[in-house]
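Colleague: Take a look at this one; I'll ask things after.
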Amino acid sequence: MSEDELRPVDASRKPGEPVIVEVWAGRLMSGTWMFRVPGVLVPRPEEPLTDSEGVICELDGPCGSWAGPSAADDHSVPAWGFARKAVAIESEARYVVGTLTGVSEDEIDIRLQFDLPDRMAEALQAAAARERQGRELLAESARIRRECAGEMYRDGLTHAEIGLVMGISPQRVQQLSPSKRALAEEQTRERTRLERVRVDAARRNWAASRKGVRSDDAELGRGAFDPSARDC
């Protein structure tokens with residue numbers, strides 16, 4: 001999600017409903033981390049706001065907790081903050097948003113994003129895409145192995161034999177192949193399915209034979225009362 005697509009953080013929500021906050025962070029040349037929330041819907045403060053270290057924040061520039069133009073009513077403003085270490089960004093951001101909106105910090109869900117050079121951001125996105133593809137391929141490979149191991153197990157091969165054929169350990173084969181209980185249940189379901197097929201086929205054959213008998217009876221009936229069919 002790009003920064004332009006983000007909506008302002010609105011404190012007017014149902015009690016207990018979490019507030020999801022997108023926070024963007026970047027590292028300064030000094031080594032300090034600066035973060036920002038693109039927009040927070042806040043009322044005009046009656047008293048000067050302060051950051052976590054007690055420094056008063058100006059209304060016309062970034063500081064430890066808030067920045068934005070002064071206004072006589074509620075308005076959406078960007079929120080800024082600083083953290084000495086990256087691991088402290090989320091807690092500092094919760095403090096900033098909670099101070100501005102009055103929402104409890106426990107109800108604020110920070111979604112942290114980092115400002116990176118385009119080349120690095122594209123490389124990380126490509127790596128994440130390859131990881132997803134790899135997980136999908138591994139899942140497909142495991143499914144195929146389970147099917148092959150299960151089929152060989154149903155054919156009577158032992159775990160050791162299946163492991164030798166597939167090039168894996170017997171313990172791994174035991175994990176892939178169905179248990180005796182599962183195999184018995186599968187066989188029971190298959191017998192039930194075959195029995196239903198047999199019964200359905202018998203019913204269709206019986207219905208077809210009855211239809212043929214009725215057709216023959218009808219033909220005989222018409223022949224019995226047809227004058228042209230009588231012997232001369």
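Each reported figure results from applying straightforward, stated rules to the coordinates on display, with no laboratory input. It should be emphasised that the depicted structure is a prediction, and the values quoted were computed from it without experimental measurement. Here Cβ is always computed from backbone atoms with ideal geometry, including for glycine, and neighbour counts include all displayed protein chains.
Colleague: Pop a pseudo-label 7 angstrom from the Cα along the beta-carbon direction at both ALA182 and ALA123 and give the gap in nm to one decimal.
Modeller: Between ALA182 and ALA123, the simple spin-label model gives 4.2 nm.
Colleague: Quick one: if you stick a label point 7 Å off each Cα along the C-beta vector at LYS211 and VAL199, how many nm between them?
Modeller: 2.2 nm
Colleague: Further, regarding this structure: What is the fewest-to-most order of MET152, MET120 by other Cβ atoms lying within 10 Å of their Cβ?
Modeller: MET120, MET152
Colleague: Could you give the nm distance between label points at GLN171 and ASP106, where each point is 7 Å from its Cα heading toward the beta carbon?
Modeller: Modelled inter-label distance: 4.4 nm.
Colleague: Based on the mean of other beta carbon atoms within 10 Å per residue, what is the order of 159-167, 199-207, most packed first?
Modeller: The most tightly packed comes first, giving 159-167, 199-207.
Colleague: Let me ask something else about it. Return the Rg/Rh value of the stretch 128-176, two decimal places, where both radii are evaluated on C-alpha atoms and Rh is the Kirkwood radius.
Modeller: Over the Cα atoms of the stretch 128-176, Rg/Rh equals 1.12.
Colleague: To make sure I understand, if each residue's beta carbon is the centre and we count other beta carbons within 10 Å, what order do PHE35, PHE114 fall in, fewest to most?
Modeller: Listing PHE35, PHE114 from fewest to most nearby Cβ atoms yields PHE114, PHE35.
Colleague: Using mean Cβ contacts within 10 Å as the protection proxy, how do 121-130, 86-95 order, highest first?
Modeller: 86-95, 121-130
Colleague: A follow-up question, please. Relative contact order for the stretch 128-176: what is it in percent, counting Cα pairs under 8 Å that are at least 6 residues apart?
Modeller: 29 percent
Colleague: Which order do the peptides 132-140, 100-108 take when ranked by the mean count of other beta-carbon atoms within 10 Å per residue, highest first?
Modeller: Top to bottom by mean Cβ count within 10 Å: 100-108, 132-140.
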